[in-house]
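Here is the structure we will look at.
The values are calculated or read from the model by the stated rules, or taken from the named source; none is laboratory data. Treat the numbers as computed from the prediction; the structure is a model and nothing was measured. Note that each Cβ is placed from the backbone with ideal geometry, even for glycine, and that neighbours are counted across all protein chains shown. What goes into the accessible areas is simple: the full protein's heavy atoms, side chains included, and nothing from ligands, DNA or RNA. Shrake-Rupley method; radii C 1.70, N 1.55, O 1.52, S 1.80 Å.
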Amino acid sequence: MGDNNANNNKAPGWVLLTLGVVYPGGVIAFELSTRWCAEIFFDPMPSFWHGLMIAAVPLSNFLLWRQLRSGDFQYSGAVSFLAALAIGVAAVYTLVFLPLTPIAAVAIIYFGAGLLPLAPLISLVVAIMLWRRYRAACAGQGCRVLPPWQGVCAALLILVVLDIPQAATELGIRWAASQSLQQNRRGLQLLRLLGDKDLLLRRCYDRSGRAAGPLSLSTRLLFYRSDLVSSTQVREIFYQVTGEPFNYRPPPYSGGRWRWADEFQFDGDQGGTEIGGRLRGLYLTTSRIDGSLNGDEGVAYLEWTLAFSNNARSQREVRLQLALPPQGVVSRATLWVNGEEREAAFAGRARVSNAYQSVVRTLRDPLLVTTRGTDRIQAQAFPLAPNGGTIKFRLGITAPLQLLGEDRAQLLLPAIVDRNFIIGDRLEHSIWLESRQPLQTNLPAAQLQNLQASVHRINATPNDSVLSYPRKVITVARSGGGAARWAQLHSGQPVVQKIVARTVEPAAALLIVLDGSARAGAAVGAITAAFEKIPAGVPVGLLIAAEQPLYIPVKAWQAAQRQRLTEALNGFDFAGGQDNAAALGRALRELEKYPGGELLWIHLPQPVAFSHSTAAFEQAAARLTRLPRTVLYSLAPGPNKLLASGNWSLQARTLGAVKGVERDLGNYFATALEAGRHYHYQRDSVADTADLVRGSDHIARLWARDRIHQLLLAGGDNRQRAIEIAAAHQLVTAVSGAVVMENARQYADNDLDPVDPNTVPTIPEPRQWLLALLVMAIMLWILKKQQPNTAAPAPLSPGT
């Protein structure tokens, strides 16, 4: 007994200071600066307050050591309480790290990795030794020492309270992934109310970084193991909780604090159809859009060239989705291989996808381009070599101009709507567009130049957020009229295009389907203000897509119906991210009885296709006797998986988000719901092209796109015919794709042929425009001199 008292009264040495203060303090600093444990195993300090509680351990040990060495036991009550609190914290984290403790001693020899899991245990032993000596010393001097249970209980209570968000996240993930609808809703409510959004985001990428508090640990081990839920399921849950695609937020690895484990991020979506999460080290380095527009012919051709770099320590695949101009189609794809630009092969969707996957497995250089619904395409390229590898490809886009009247047309510029790479703040899209007619644009800080009487140019360098939303448009002047022009691509069928004005009947009934996600609530005021433009008497209804949907039946638009819709919108609780498939299916069924009915879908990104509701929606779209015209209006840029569900979206059209929600919808209500004369394209195959003016080859490509959609909507045995038309016209459509491979052997192995470079569309260089104008001027002068009454030649097309 005497020996024990002697040991307790002995002043602590430098060994205890090192093991109880310097060692745990160094471990805390190491974890804060590198987040090594959070990256690989679990996060011991998910918040500032967790870090403060852990820091109390070396702080308490230092105060005990110092007072024992000096013999000054000032504030002994507070110091003893802090010491007991530190013992409680160290004990909890010793249990947390207990599974790693047996291997920690061995791991010490590997870069000192074992020092981290041993720190709580060693700190706990030192804290108990110092506290016992402190209690004995205080007893000898009559100082006040608080019972240790108070500090230990306080530590447990604080850690449990701090751990509520993490435990709620663990439990909420498990419930939300349940097949039970009631349990699913309970889990979503718990996550929205108490969940840790950062932890939820982390689980969208991998299963590391889990919380390590007493409540979440016991929840995970004894009741619900949320790590059994796949990252794909967690991505769906993240969208339902936050209303955002998970890859809209910066990845949880960005910045210097995650740099230690860059090589551990595995890309589970490589070679597949999902875009997936943002990959560390994968950057868009350059982006340029070149194009030409012809207002009189109503066609535009753009080439978007993108280059990427990979600074990570493993190979990467770049994946992105583009929103095309309305009714646009990809008509060219090239990939730079060893510094040489290679053309794509166009074939059926399954063939090009299989060819791409076969080459990805051999780690060679393919590019794959496919569609993802109305006016959406996906491009993916592999591999980007580690530590500075690059890749570069080009996508050619053919699009019709939207006719605004007899003298104007406009082009909606494409935009990136989903990606797995990082776009830096300094990245700018270099835009260079030319036309023989005057141009206008809503691109900020754009330079408009008129080089010659018939050469007009727009230059702009917007960043990605500016280009993406609201959508940017180019307005081009037209000389008026609808002169017929014909085109023939290769040895295909001649096609004639006319621009005709005809009276369009208004929609017989309009059903508005509004996304009930949280971010849609901000647009309610603008939507209700746009109701002012709805003509009286038109049948209008409202369906809000939500976990508990709200439906107002279609009735004639009068003051009472407008009030019902306005009150419903203002009183609705917009929350999280909502599944829109069930509401769309119901809308299709409601509008089946209205010949000429129209569905307006106002939505946010739809990054998730919920299997149970999507299947029912696809069934309704395929089996109904009549489908309404569908108009798509997006409140924010992003992916939309419902567009790729079946062929229903082939007849949908995109309403560009250009001037703000109120003006965009107001213009739509005023034109779609009232009869009026509008200009339209009419494209038909013809046998005789005599007396017709030759136009751009893009006219034939646009005819082929429309014809493919008609064949698919007609059903039956038309799919093979649609594939043949797409391949012959070198287009990426719902039934076809484009793939670029590294060499002829790979094409031959997959029974594919790259297109002839002489048959692909190109953009005229400025000198070509000027030369053509000079030639035309000389020809006109000769014709006038020899045959004064002969008509002038046709204007130049924007490239073939």
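Contact order for the stretch 476-565, expressed relative to its length and based on alpha carbon pairs under 8 Å spaced 6+ residues apart, stands at 22 percent.
What Kirkwood hydrodynamic radius do you get for the chain when you take the inverse of the mean 1/r over all pairs of distinct Cα atoms, in Å?
Values: mean 1/r = 0.0329 Å⁻¹.
After inverting the pairwise mean of 1/r, the radius is 30.4 Å.
Measuring against 31 Å, Cα to Cα, the residue pairs Lys472/Lys555; Lys392/Lys659; Lys197/Lys555; Lys498/Lys659 contain Lys472/Lys555; Lys392/Lys659; Lys197/Lys555 as the ones spanning a longer distance.
For the pair Ser611 and Glu742, how long in nm is the line joining their label points, each one 7 Å along Cα→Cβ? The answer from the label model is 3.6 nm. For Gly213, the amide hydrogen comes within under 5 Å of no other amide hydrogen, counting only partners 5 or more places away or on other chains and with H modelled in the peptide plane. At 222 nm, what value in deg cm²/dmol follows for the chain if DSSP H runs of at least 4 each add -39500 (n - 2.57) and the sum is divided by all its residues, to the nearest 500? About -11500 deg cm²/dmol.
Tally Lys and Arg at +1 and Asp and Glu at -1 over the other residues with C-beta under 11 Å from the C-beta of Ser468: what net charge comes out?
Values: positive: Arg419, Arg471, Lys472; negative: Asp418, Asp464.
Net local charge, Ser468 excluded: +1.
Kindly identify the stretch 538-610 as rounded, prolate or oblate by the Cα gyration tensor criterion: order the square roots of the eigenvalues as a ≥ b ≥ c, call it rounded if a/c is under 1.5, otherwise compare a/b with b/c, prolate if a/b is larger, else oblate. If you can, show how the numbers build up before the last one.
On the way: a/c = 2.45, a/b = 1.27, b/c = 1.93.
Taking the square roots of the gyration eigenvalues as a ≥ b ≥ c, the stretch 538-610 is oblate.
Computed over protein heavy atoms with a 1.4 Å probe, the accessible surface of the stretch 430-554 works out to 38 Å² per residue. All Cα-Cα distances of the stretch 501-630, cut into 5 Å bins from zero to the largest, leave 2, 11, 20, 23, 20, 14, 8, 2, 0 percent in each bin in turn. For the stretch 711-763, what class follows from the C-alpha gyration tensor (a ≥ b ≥ c being the square roots of its eigenvalues): rounded when a/c is under 1.5, otherwise prolate if a/b is larger than b/c, else oblate? Because a/c hits 1.5 or more and a/b fails to exceed b/c, the stretch 711-763 counts as oblate.
For the stretch 625-724, the solvent-accessible area works out to 46 Å² per residue, with a probe of 1.4 Å and every protein chain left in place. For the chain, relative contact order (Cα pairs under 8 Å, six or more residues apart, normalised by length) works out to 13 percent. With respect to the chain, whose longest principal axis is taken over its alpha-carbon atoms, helix 23-34 is tilted by about 0°. Only Lys, Arg, Asp and Glu carry charge here, each on its Cβ (+1 for the first two, -1 for the last two); on that basis the chain has a dipole of about 920 debye about its Cα centre. What a 1.4 Å probe finds exposed on the chain is 55% carbon and sulfur by accessible area, rounded to a whole percent.
For every other residue with a beta carbon closer than 12 angstrom to the beta carbon of Ile725, add +1 if it is Lys or Arg and -1 if Asp or Glu, then tell me the sum.
Numbers: positive: Arg701, Arg705, Arg707, Arg719, Arg721; negative: Asp706, Glu724.
Neighbourhood net charge equals +3.
Here is the P(r) of the stretch 682-734: all C-alpha pair distances, binned every 10 Å from 0, give 23, 49, 23, 5 in whole percents. Considering all C-alpha pairs of the stretch 363-517, those separated by over 27 Å amount to 46%.
Two decimals, Cα atoms only, Kirkwood Rh: what is Rg/Rh over the stretch 291-384? Radius of gyration relative to Kirkwood radius: 1.00.
Computed from Cα positions, the angle between helix 164-176 and the longest principal axis of the chain comes to roughly 50 degrees. Basic side chains Lys and Arg get +1 at the Cβ, acidic Asp and Glu get -1 at the Cβ, and with that the dipole of the stretch 586-657 about its Cα centre reaches some 100 debye. Over all other residues within a Cβ to Cβ distance under 15 Å of Ala622, the charged ones net out to +2, with Lys and Arg as +1 and Asp and Glu as -1. A 1.4 Å probe run over the protein chains yields, for the stretch 152-191, 45 Å² of accessible area per residue, whole-number rounding. Of the residues Val21, Thr461, Leu584, the one whose Cα sits farthest toward the positive end of the charge dipole of the chain, with +1 on the Cβ of Lys and Arg and -1 on the Cβ of Asp and Glu, is Val21. How large is the Kirkwood hydrodynamic radius of the stretch 299-338, in angstrom, based on all distinct alpha carbon pairs? Hydrodynamic radius (Kirkwood, Cα only) of the stretch 299-338 equals 13.2 Å. Approximating the spin labels as points 7 Å out from Cα along Cα→Cβ, the Gln558-to-Asp753 distance works out to 6.7 nm.
Among the cysteines of the chain, those with no neighbouring cysteine Cβ under 4.7 Å are Cys37, Cys153, Cys204. Scattering from the stretch 121-205 was approximated by placing one identical point on each alpha carbon and applying the Debye formula without solvent; log10 I(q)/I(0) at 0.11, 0.18 1/Å stands at -0.54, -0.81. Taking the longest Cα principal axis of the chain as reference, the axis of helix 148-162 is set at about 0 degrees.
Between exposed chymotrypsin sites (Phe, Trp or Tyr not before Pro) in the chain, where DSSP calls loop and at most 15 other Cβ atoms lie within 10 Å, what's the longest gap?
Numbers: sites that count: Tyr75, Tyr110, Phe111, Phe266.
The longest uninterrupted stretch comes out as 267-800.
Taking 0.36 nm per residue of separation and subtracting the Cα-Cα distance, what length does fully extending Arg186 through Asn387 add? Mind showing how you got there, number by number?
Working: separation 201, 0.36 × 201 = 72.36 nm, distance 4.52 nm.
Stretched out fully, the Arg186 to Asn387 stretch lengthens by 67.8 nm.
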